[in-house]
Amino acid sequence: MAQFTIKDIARTLGIAPSTVSRALHDHPDISDETKRRVVELAKEQNYQPNQIAKSLQNNRTNTIGVVVPEIEHHFFSSAISGVEEVAYKAGYTIMVCQSQEQMVREIMNIRALAAHRVAGIVVSLSRNTTEYSHLEDAMRQGIPLVQFDRVAEQLATSKVVVDDFNGAYAGVHHLIEQGYTRIAHIAGRSHVTIGRDRLEGYRQALQDHGFPVDENLVVPGGFQEQDGEEAMKHLLNLERLPDAVFAVNDPVAIGAYRLLRERGMRIPRDMALLGFCNNPESALVEPPLSTIAQPSWQMGKTAARLLFQQFDQKNFVPQTHVLRTQLIVREST
């Protein structure tokens, strides 16, 4: 028995094959009633898309590439799940690569995905990425690209970020309201957007509340637990200790947390701690870590949707979506 095709669905329903294709991909221009009729008939006839023919026609596979700094970080694994959900519903699979926070690996990942003729790429930059020609090369090859969380602002791509500045500002405002007066910041890399914007939110909150910004209390680093440990060692060597610390993300905060406990310091009595991300482990430590939640799964879904929108647009105009954060107050502050 011959396989039921898009043309068969179109002929049966009296509509154009292009309408059927868009309905099956949940295109916003197609009415809900038409989508319902198409989907019902497709299920009834056990329609299966011819992905091989599709990839040959478009010179692309039905695979979406995803590049993240590290998969073990809950934020990125959650974002990947968001991308995968949207891709699966559209009939695509995903290929996940991790840069391990190294630009050279990120370059290799992007080139490998391009060589595999992926339909598009969703990427969050490594902390060491300071040059973007590998991304520009992929775009010149006609591969749609969307950035999320850590982005290169100068690249003409769609981007999905959270309001890092106001999230950090709200966190430091909370610490000040709790009575802390000497607030340190374990910062990320300044060339990475999230590191820069969270640092600026920290600075602005202090200034708006009449506190000077003491540069001795700002310790630049990275985004992993060991960065938090090293930064906390520096802070504990200061002649005058901070009474609270705002970390650039939860892994950094957990690293700082571990060192404080090893040194016998009580949280928050001796020093308060605030993270950023709301990783699951932040609620499991004792006392639980206050943090600023960001919607990682929604970021992944939004990035994937922007990518699929780009597939259908001849005159593509990049979009930037800024999602809101939420302060989660727990016992560490």
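The values are calculated or read from the model by the stated rules, or taken from the named source; none is laboratory data. The structure displayed is predicted, hence computed values, not measured ones. Because the Cβ atoms are built from the backbone with ideal geometry, glycine has one as well, and the counts that use them run over all protein chains shown.
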Among residues of the range 97-117 being among the charged types (D, E, K, R) and more than 10 Å from ALA138 (Cβ to Cβ), the residue surrounded by the fewest Cβ atoms within 10 Å (Cβ to Cβ) is ARG117
Here the residues within the range 285-306 that are within 14 Å of the chain's Cα centre (by Cα), outside any loop (DSSP other than H, G, I, E, B) and not charged (D, E, K, R) are ALA293, SER296, TRP297, GLN298, MET299, GLY300, THR302, ALA303, ALA304, LEU306
Task: Test: LEU323 is more than 21 Å from PHE223 (Cα to Cα) and not polar (S, T, N, Q) - done: no
All-but-one check, GLU33 against (1) modelled with pLDDT of 85 or more; (2) assigned to a loop (DSSP other than H, G, I, E, B); (3) of a type outside the set (A, V, I, L, M, F, W, C); (4) over 26 Å from PRO144 (Cα atoms), failing number (2)
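Restricting attention to the range 95-120, report how many residues are in contact (Cβ under 8 Å) with a residue 60 or more places away in the chain and of a type in the set (A, V, I, L, M, F, W, C).
1
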Scanning the range 223-233 for residues that are buried (at least 24 other Cβ atoms within 10 Å of the Cβ) and of a type outside the set (D, E, K, R), the one nearest to ARG196 (Cα to Cα) turns out to be PHE223
Looking across the range 214-237 at residues that are of a type in the set (S, T, N, Q) and part of a loop (DSSP other than H, G, I, E, B), the single one that is farthest from THR129 (Cα to Cα) is ASN237
Exactly one of PHE276, PHE308 is crowded, with 17+ Cβ neighbours inside 10 Å, closer than 14 Å to ASP149 by Cβ, of a type outside the set (D, E, K, R) and touching a helix residue (DSSP H, G or I) at 6+ places or on another chain (Cβ under 9 Å), and that one is PHE276
